[in-house]
Each structure stands twice: as C-alpha cells, then as structure tokens.
Amino acid sequence: MDFIELESPERRAHLIPFRTFRYPVTEIIYLSPPSQNEAVDFFRVVKSRSTRRDFGQISLQQLSKLFWFSAKTSLEINLDEGHKWYHKPSPSGGGRHPIDHIIFRYERDKWIAFLYDSIAHALGKLKIDSADIGFWIDDLFSTLGINATTIVWNVAQFHRSTSVYKNASALIYRDEGAIQGTFGLVAEALNLNFCTIGVSGEPTISKLLMSRELIRGIGGFYIGSKNAQ
Ligand SMILES: Cc1cc2nc3c(=O)[nH]c(=O)nc-3n(C[C@H](O)[C@H](O)[C@H](O)COP(=O)(O)O)c2cc1C
C-alpha cells in the first residue's frame, strides 16, 4: 500500500523546551508595508484563482505585498517555557506556526536566498553558497519543466510543533496546505502567477542550511508577474 498513515496528533500534558534554528542572516532589508489596500472582490478572486506556470520578474514591492497579506504576524503571545502563540493570515495547529519562508531570487546572474521575518516584515539575506542553490534549482526546474526568477520554499522548524504535540507531522503538513492556499489566493488578488511545487526539497534544503536536526523542507511555490518574456 502506497499510503503512509500519519498518526493523529495528541497535545502533550506540558509544553516541553525546544531549540530554535538560527538562520545565517548577514544583512536585513526592511520591506515597506503596502501604502493602501486596493479593494478587490474576494469572490471574484476565489473564482478566478488558477495555477499559472509562466513567471515574469516580481519586484520587491510586489513581494512585500504578497508576504504582508499572506504571512505577516499580527499578534504574538508569550506562553510558558519560551513558547509563543502567533496569529498570521493562515491558521496553524496550536498557533505554533512552525513553517518559515525562504525566498530564492535570481539577481545579477546569481541565486540569493532570503528569510522572511514575519514580525519585522523584512528579508534577511542568508549566507548560503549561490552555486549550491543554483545546482539544486537548475535540477528542480528541469524536473518540473517550469522556470522562474523567484521561488519560495517553506521550511519547518518542526520542534516548534513537536514540543507541544506528539505525532506533530500531520499538523505540519496541514499547516503547509493552509499556507499554500493563502498565498495562492493572495497572489491571485495581486494579479500574480502562482504554482505550488509538490516536492519537499529534501534532503537539499536541510543540507543548504546545514541543520538536519532542526529543520526540514516541506514544499514550495513559484511566484511571478504575469508578463513573462
Ligand atoms: C500539493 C500540491 C502539489 C502540487 N505540485 C505541483 C507541481 O509539482 N508542479 C505543478 O506544475 N503543479 C503542481 N500543483 C498544482 C496542481 O497541478 C494544480 O493545482 C491542479 O492541476 C489544479 O489546477 P488549478 O490549481 O488551476 O485548479 C500542485 C498543487 C498542490 C495542491
């Protein structure tokens, strides 16, 4: 049988301490919050949403809007043992929000990785070898037959969920689904093209970030403007 049943999550009686992965951030780029909310008809957006597989360059301003409406943290509550509960546009099992977003962008002939900081609404430039990213992305693009200059990878700091739930894997993958749904609808509202990527990115993602212990690639998506050249 080719179906692995993920065991049902169970909340632990007590929160247990957990280790946070510290990303190798070398520089911070603060994004400007959108100046005004352009009104869009939500039901028109839901109706027109579709996977689209051609991607023009996406500006930093468009990325800022996408992340602001899809992933910005708007509430943070401190719990016991250094744990926190967060509110963001997507729901998350237990408010843990174990999934971070890495943005890979092709800029001036090389791939650069950034971490989205959902509290500061900023991008942290990551110290990851550009050639290593390039090898992996070339391979990914040729497997999927789709190219772009920006892809976003969702990376789970799984201890954020396993410290609260036994059998947390199913919750993490369902968080990923909620994230993909939110980004897909926001992308449509912003007139951007969006395509979920089915592969997890493992074992490459945890290798690029040099931490099998604390993180796992879960999935990603292509994002771009409609005017591909
Ligand atoms: C979990 C998941 C994985 C997907 N993986 C891929 C993928 O690897 N490549 C791709 O081109 N589309 C992928 N898609 C997009 C689907 O092919 C697409 O949603 C489906 O064909 C229905 O089209 P629609 O989104 O326009 O309704 C994925 C979608 C989901 C939800």
| said: I'd like to check something: does the stretch 94-107 contain any residue that is more than 25 Å from residue 17 (Cβ to Cβ) and acidic (Asp, Glu)? | reply: yes
| field | residue 101 vs. criteria modelled with pLDDT of 95 or more and assigned to a loop (DSSP other than H, G, I, E, B) | value | no
| field | Any chance residue 13 is touching a strand residue (DSSP E or B) at 6+ places or on another chain (Cβ under 8 Å) and among the hydrophobic types (A, V, I, L, M, F, W, C) | value | no
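So if I check each of 144, 190, which one is in contact with a Phe, Trp or Tyr (Cβ under 9 Å, 6 or more places away or on another chain) and more than 16 Å from residue 68 (Cα to Cα)?
144 is the lone residue from the list that is in contact with a Phe, Trp or Tyr (Cβ under 9 Å, 6 or more places away or on another chain) and more than 16 Å from residue 68 (Cα to Cα).
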| said: Any residue at all in the stretch 200-215 that's within 13 Å of the chain's Cα centre (by Cα), closer than 22 Å to residue 48 by Cα and surrounded by fewer than 22 Cβ atoms within 10 Å (Cβ to Cβ)? | reply: no
| message | Need pairs with beta-carbon distance below 6 Å; first residue over 22 Å from residue 89 (Cα atoms) and within the stretch 47-67, second within 12 Å of the ligand (Cβ to nearest atom) and polar (S, T, N, Q); sequence gap 6+ or separate chains. | response | 52/193; 55/193
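Please indicate, with yes or no, whether at least one residue in the stretch 41-58 is under 18 Å from residue 122 (Cβ atoms), away from the ligand (no atom under 16 Å from the Cβ) and not acidic (Asp, Glu). Show your work before the answer.
Here is the first cut: in the stretch 41-58, the residues under 18 Å from residue 122 (Cβ atoms) are 58.
Checking which are away from the ligand (no atom under 16 Å from the Cβ) leaves us with 58.
From what's left, not acidic (Asp, Glu): 58.
Yes, the stretch 41-58 has at least one match.
Under 22 Å from residue 195 (Cα atoms), at pLDDT 95 or above, surrounded by 14 or more Cβ atoms within 10 Å (Cβ to Cβ) and not hydroxyl-bearing (Ser, Thr, Tyr): does that describe residue 9?
Values: under 22 Å from residue 195 (Cα atoms): no; at pLDDT 95 or above: yes; surrounded by 14 or more Cβ atoms within 10 Å (Cβ to Cβ): yes; not hydroxyl-bearing (Ser, Thr, Tyr): yes.
Spelling it out, it is not the case that residue 9 is under 22 Å from residue 195 (Cα atoms), at pLDDT 95 or above, surrounded by 14 or more Cβ atoms within 10 Å (Cβ to Cβ) and not hydroxyl-bearing (Ser, Thr, Tyr).
Yes or no, residue by residue, for (1) aliphatic (A, V, I, L, M); (2) closer than 30 Å to residue 161 by Cβ:
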site	(1), (2)
48	no, no
51	no, yes
57	no, no
63	yes, yes
66	yes, yes
81	no, yes
89	no, yes
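Only one residue in 150, 196 is among the polar types (S, T, N, Q), out of contact with any Asp or Glu (no Cβ under 7 Å at 6 or more places or on another chain) and within 23 Å of residue 93 (Cα to Cα), so which one is that?
Values: 150 fails: within 23 Å of residue 93 (Cα to Cα).
That would be 196, the only listed residue that is among the polar types (S, T, N, Q), out of contact with any Asp or Glu (no Cβ under 7 Å at 6 or more places or on another chain) and within 23 Å of residue 93 (Cα to Cα).
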| field | Pick from the stretch 3-31, criterion of a type in the set (S, T, N, Q) and closer than 21 Å to residue 102 by Cβ, ranking: nearest to the ligand (Cβ to nearest atom) | value | 20
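Please find, among 113, 148, the residue that is of a type in the set (A, V, I, L, M), closer than 24 Å to residue 61 by Cα and under 16 Å from the mean Cα position of the chain (by Cα). Outline the logic, then answer.
Numbers: 148 fails: under 16 Å from the mean Cα position of the chain (by Cα).
Every option except 113 fails the conditions.
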| Among the residues of the stretch 188-229 satisfying the criterion of being away from the ligand (no atom under 11 Å from the Cβ), in contact with a helix residue (DSSP H, G or I) (Cβ under 6 Å, 6 or more places away or on another chain) and small (Gly, Ala, Ser), which is farthest from residue 107 (Cα to Cα)? | 189
| message | I'd like to verify a number: residues in the stretch 149-179 that are assigned to a helix (DSSP H, G or I), within 15 Å of the ligand (Cβ to nearest atom) and either among the acidic types (Asp, Glu) or buried (at least 20 other Cβ atoms within 10 Å of the Cβ) (or both), how many? | response | 4
| said: Can you list residue pairs whose Cβ atoms sit under 7 Å apart, with the first residue in the stretch 134-159 being on the phi < 0 side of the Ramachandran plot and the second being within 11 Å of the ligand (Cβ to nearest atom) and acidic (Asp, Glu)? Count only pairs 6 or more apart in sequence or on different chains. | reply: 154/176
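The values are calculated or read from the model by the stated rules, or taken from the named source; none is laboratory data. None of the values given here were measured: they were computed from a predicted structure. Reconstructed Cβ throughout: ideal geometry from the backbone, glycine too, with neighbour counts over all protein chains shown.
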